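Trainee: Mind looking over this structure? Questions follow.
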Amino acid sequence: MTVATILTTALPKMTDHLNQKISNEYITVANKSGLTLSPQDWSKLQTPIHTTLIKRNKVSTKEISGMAPFLVTIFCWLGSLIASLLNWRDHSKNEKKRTDGRLSLTSVTSQLISGIAIVTAIAVSVYFFTKVCYSVPIHDPKQFLLMIGGISFVFYLLQSAVLDLLGLKGWPLLLIIWIGSMAVITFIPQMLSPFYHNYVYDITPIRFAYDLILNQMYITDALITGPSMLSLLYIGIASIFAMYASTLIKKRKKDSLA
């Protein structure tokens, strides 16, 4: 919001300054050459540059608008994180086909189906708080809801895969992914340390989600397709395979669900 305000004020002043400078040069040349100009010609010389200010991408006046992509990304991750844990816990407690702490194929499929309902609720909640409560501009609500739902579903799949494979022991790993990704979406790539830039920036799913949300919220007609969405799609597919692969593992002691 601050940058947009500065540019809105600065660009017209820059144009006025250029107009004055160029106009003075034109008038000096015309006087030295002894040209006879009509009043209309003199008027054109005084304003050689004509500009029109068009606000293509509407920016909210709310202070939270500048942090909106960051906050929306975090809400998607945390919402999916809590939902995946509760859903995994519920399926583990009610697992009837296995007694070794693993989920059956039926339970994993149930995880996927219930996950669709969960991420739909997350997407609607994020849209409500973003658009209704904080009046942050959403250029294309349908595309925004679809994008948030897709991102949340990938997060949910990744988190569920870790829980299905490792149980509650995988919870710290999810926290490490979250905390380790904070720097990636807080700073521009040029400000990251070599470690983050070379080994974290190009692989963390939170960064891919942040890029999509940033473009969708600030750029009119921004598409949700592209490298970031493709990367998330690969992560989601790999997570589904991992969830079903976890059903092949035998003889694991049951995690405490209390």
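Trainee: Near P189, within a Cβ-to-Cβ distance under 13 Å, what is the net charge of the other residues, with Lys and Arg +1 and Asp and Glu -1? Could you put the intermediate results ahead of the total?
Mentor: Numbers: positive: R207; negative: D202, D211.
After counting each charged neighbour, the total is -1.
Trainee: Grab the beta carbon distance between Y234 and M191, set R0 = 30 Å, and tell me the FRET efficiency rounded to 0.05.
Mentor: Values: r = 27 Å, r/R0 = 0.91.
Efficiency, rounded to the nearest 0.05: 0.65.
Trainee: For the peptides 124-134, 149-159, what is the packing order when you average, over each peptide's residues, the other Cβ atoms within 10 Å and list the highest mean first?
Mentor: Numbers: 124-134: 15.1, 149-159: 25.6.
Final packing ranking: 149-159, 124-134.
Trainee: Ranked by accessible surface with a 1.4 Å probe, highest first, in what order do H91, H17 come?
Mentor: Working: H91 20, H17 125 Å².
Largest accessible area first, the residues go H17, H91.
Trainee: Fully extended, how many nm does the chain gain between F241 and L166 (0.36 nm per residue separation, minus their Cα-Cα distance)? Before the final figure, lay out the partial values.
Mentor: Values: separation 75, 0.36 × 75 = 27.00 nm, distance 1.47 nm.
Working it through step by step, the gained length comes to 25.5 nm.
Trainee: Between I179 and S33, what FRET efficiency comes out of the Förster formula 1/(1 + (r/R0)^6) with R0 = 45 Å and r the beta carbon distance, rounded to 0.05? Show your work: numbers first, answer last.
Mentor: Details: r = 70 Å, r/R0 = 1.56.
Rounded to the nearest 0.05, the efficiency is 0.05.
Trainee: Just round it to a whole percent: the fraction of Cα-Cα distances in segment 164-258 exceeding 16 Å. Walk me through the numbers on the way to the answer.
Mentor: Values: 2990 of 4465 pairs.
It works out to 67 percent of all Cα pairs.
Trainee: Can you give the accessible area of Y234 in Å² (nearest 10), computed on protein heavy atoms with a 1.4 Å probe?
Mentor: For Y234, solvent-accessible area is about 140 Å².
Trainee: Among 137-147, 207-217, 190-200, what's the highest-first ranking by average C-beta atoms within 10 angstrom per residue?
Mentor: Working: 137-147: 15.5, 207-217: 22.1, 190-200: 11.9.
Output ranking for 137-147, 207-217, 190-200: 207-217, 137-147, 190-200.
Trainee: Which of the residue pairs K131/K169; K96/K169; K93/K250 have a Cα-Cα distance greater than 29 Å in the structure shown?
Mentor: Details: K131/K169 37 Å; K96/K169 22 Å; K93/K250 18 Å.
Over 29 Å Cα-Cα: K131/K169.
The values are calculated or read from the model by the stated rules, or taken from the named source; none is laboratory data. All of these numbers come straight from a predicted model, not from anything done at the bench. Because the Cβ atoms are built from the backbone with ideal geometry, glycine has one as well, and the counts that use them run over all protein chains shown. When the accessible area is computed, the model is the full protein with side chains, heavy atoms only, and any ligands, DNA or RNA have been set aside. Shrake-Rupley method; radii C 1.70, N 1.55, O 1.52, S 1.80 Å.
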